[in-house]
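Beneath this line is the structure, given in structure tokens, with notes to follow.
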Amino acid sequence: MIVGTAGHIDHGKTTLVKALTGVDADRLPEEKARGITLDLGYAYAPLADGSVLGFIDVPGHEKLIHNMLAGATGIDFVLLVIAADDGPMPQTREHLELIDLLGLAHGAVALTKCDAVDTARLAAARGEIEALLDGTALAGSPIFVLSGRNGEGVPALRAHLEAAAATHHARAAEGRFRLAIDRCFSLAGVGTVVTGTAFSGKVGVGDTVTISPPGLKARVRSLHVQDRPAQAGRAGERCALALAGDFEKKDIERGMWVVEPAAARPLTRFHAELRVPAGQPALKHWTAVHLHLGAADILGRVALLEGDELAPGGNALAEIILERETLAVHGDRFVLRDAGAQRTVAGGRALDVFPPSRHKRKPERLALLAAMRDDDPAATLALLAAQSPAGVDLARFAGNWNLADAAAEALWRGAGLRVVADGSGRAGFDAAAWQTLRGRLLDALARDHERTPDMVGVERERLRRMTLAPLPRPAFDALVAELLREDAIRGSGAWLHLPSHQASVSPADRDLFAVLKPLLDAAPCGPPRVRDVAKASGTAEDTVRQLFRRVARAGELYPVAHDHYFTAEAVAELAAIVARLCAEHGSARAADLRDAIGGGRKVAIHILEFFDRIGYTRRVRDEHALRQAGAAPEWQTR
């Protein structure tokens, strides 16, 4: 269990931690010289069961709230420290407000300096504390009267902390490993060491991790957990990781994260639920703020998604827009302070760390965010899948909820999703959405056949756009493959069509094409252009052009370039050559294709650009790769 102190400056927080642990948590020379805590301090106390009680001592000065928050986000139990002579003071109230916003509900109160006041003052101070806690997350917490200087009452508090630790439910080590860095230093013979509280997951010696941002790769050389050497650490524990990698101590700072590589997804905006404390002014749309999340302090703005103002004591959905990158997942708590870092304006929880860039205030979007408030990924996924005709980006969904691979797979199976591989990721469709896509594709073909009955069908890429423009190509290919297997649609060359549809060439066109086709067959990989065919055959150029267009609609010619038609047989041969070049070299280049067909470079470029257009290949700089590497081209001729 991690215990964090809170309270006004000079109320004895550090003295109390030393009385409980024997460790002076003030580690900086300036702290010892001035007698005040300036930064986070750490101390540990072994327990009878062999575990270790960890303490984070925070500064109490009003100008050091950013340091206090860097430590408060990782604690399990709050030790609110209030001096008997002063009673609750401004930072007592502010720290308590922050504790409330961070959702920290377990704690106790240490009423210190009892040796400096009389019995009447102790009773009055106790009454002030009970009134202060009323209505907060710490209402009803036990109050321990003690003196950190002479030890009076400290054993009772220590016994209470040990009992709380014994019944404390450790954070589940689910999800990917995430640790918020609150300190970085170098040790001779060890190297760069970072410390922090693990928010989720597990980490072990030898693991590869990422420091994000800025995305530094590292290996865990060794680690300490709760101030003891260990082979592994897990969620809820204070960890010190000795890291090896191509970086220096100066490259790492408080506010960064150490995470599993798959969890390194930097962001500059996220959607959240906000609450404004009852004692603060209303929060207006586009207010400039400091975001305190993990150990980070980042400038940003609040864009309210419901109205233009959030009243004191109210809750609302909002977008947090940041000036620099950080990491977050669903459920991460944060605090917002004003642009001058003088007062707390709101607190909240992250809901969606991959928000859309448009339609943020649509009723469907707000309904999805409302579902996310319930912390049920299965219910959220069901609603999102119903709202997503182009599929759910499953990698992003898992990243938002910090799901490890096994948990994510179980969720997809439980939801009955149709999962389609999409490059390095996957898209998920619910059954109704998939059936809707089938219907849209078939309707698009029927409409096109009715509009252009002389066309053999629709090219794949055009049909994808007609079905649903945002639909990823891999999902469309899977849909087409399914319909082809069922004979619900058919393919002719590069075209797709309904089984009942067939374009044909008229007898007159067939006779004329029979005369002209030998001119194309004579140089299949570099046929003459329309004007040259017309000149060689003595046929009017416009007549040849119109004929070739009609024959192309029937799938027997392909317009590879302007007024430059290749026969279906030639295109099939060229497709096979391109596939062979890709198999041999990983991709096809114009020079290689030119050498293979014995033509000019310009013709080779036109051929490769044609294959890009119809979706057979895709251009990568000056090269062209098959869209499905290793797949045999399925060219059919008529």
Checklist entry - Out of all the residues in region 524-542, which are among the hydrophobic types (A, V, I, L, M, F, W, C) and either over 18 Å from His562 (Cβ atoms) or in contact (Cβ under 8 Å) with a residue 24 or more places away in the chain (or both)? => result Cys525, Val530, Ala536, Ala540
Checklist entry - Which of the residues spanning region 312-347 are assigned to a strand (DSSP E or B) and closer than 21 Å to Glu94 by Cα? => result Asn315, Arg333, Phe334, Val335, Leu336, Arg337, Asp338, Thr344, Val345, Ala346, Gly347
Next on the checklist: I'd like to check something: does region 487-510 contain any residue that is surrounded by fewer than 20 Cβ atoms within 10 Å (Cβ to Cβ) and under 22 Å from Asp430 (Cα atoms)?
Outcome noted: yes
Checklist entry - Tell me, which strands (runs of 3 or more DSSP E) lie completely within region 541-638 with 3 or more residues that are over 35 Å from the mean Cα position of the chain (by Cα) and at pLDDT 90 or above? => result 557-561, 564-567
Item to check | Members of region 485-519 found to be of a type in the set (A, V, I, L, M) and over 54 Å from the mean Cα position of the chain (by Cα), listed by number | outcome: Ala508, Leu512, Ala514, Val515, Leu516, Leu519
Next on the checklist: Restricting to region 176-196, name every residue that is buried (at least 20 other Cβ atoms within 10 Å of the Cβ) and in a loop (DSSP other than H, G, I, E, B).
Outcome noted: Arg176, Phe177
Item to check | Matching residues, region 242-259, being farther than 22 Å from Met68 by Cα and part of a strand (DSSP E or B) | outcome: Ala242, Leu243, Ala244, Val259
Checklist entry - Is it the case that Ala173 is farther than 28 Å from Phe247 by Cα, part of a loop (DSSP other than H, G, I, E, B) and in contact with a strand residue (DSSP E or B) (Cβ under 8 Å, 6 or more places away or on another chain)? => result yes
Checklist entry - Could you say which residue among Ala278, Ala318, Ala311, Ala282 is crowded, with 18+ Cβ neighbours inside 10 Å and either closer than 27 Å to Leu366 by Cα or basic (Lys, Arg) (or both)? => result Ala318
Next on the checklist: Among the listed residues Gly151, Gly140, Gly206, identify the single one that is under 29 Å from the mean Cα position of the chain (by Cα) and outside any strand (DSSP E or B).
Outcome noted: Gly206
Item to check | Complete set of residues in region 3-24 that are small (Gly, Ala, Ser) and buried (at least 23 other Cβ atoms within 10 Å of the Cβ) | outcome: Gly4, Ala6, Gly7, Gly12, Ala19
Checklist entry - Listed residues Glu569, Glu486; which is without any contact (Cβ under 8 Å) to a residue 60 or more places away in the chain, closer than 23 Å to Arg627 by Cβ and not β-branched (Val, Ile, Thr)? => result Glu486
Checklist entry - Checking Arg358 against (1) at pLDDT 95 or above; (2) part of a loop (DSSP other than H, G, I, E, B), which test does it fail? => result (1)
Checklist entry - Restricting attention to region 372-406, which residues are more than 15 Å from the chain's Cα centre (by Cα) and β-branched (Val, Ile, Thr)? => result Thr380
Checklist outcome for this item: Over region 120-137, the set of residues of a type outside the set (A, V, I, L, M) and not in a loop (DSSP other than H, G, I, E, B) is Arg121, Arg126, Gly127, Glu128, Glu130
Next on the checklist: Criterion first (not assigned by TED's automatic domain parsing to the domain that holds Gly74 and not basic (Lys, Arg)) does Ala156 satisfy it?
Outcome noted: no
Checklist entry - Which fully enclosed helices (runs of 4 or more DSSP H) of region 1-76 have 1 or more residues being free of Cβ contacts under 8 Å to residues at least 12 places away in the same chain and more than 19 Å from Pro88 (Cβ to Cβ)? => result 29-34
Next on the checklist: Quick check on region 83-93. Is at least one of its residues in contact (Cβ under 8 Å) with a residue 12 or more places away in the chain, buried (at least 24 other Cβ atoms within 10 Å of the Cβ), farther than 30 Å from Thr119 by Cα and assigned by TED's automatic domain parsing to the domain that holds Arg121?
Outcome noted: no
Checklist entry - Quick one: which of Arg34, Arg93 is at pLDDT 90 or above and of a type in the set (Lys, Arg)? => result Arg93
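The values are calculated or read from the model by the stated rules, or taken from the named source; none is laboratory data. Everything quoted here is computed from the prediction, not taken from an experiment. Backbone-built Cβ (ideal geometry, glycine too); neighbour counts: all protein chains shown.
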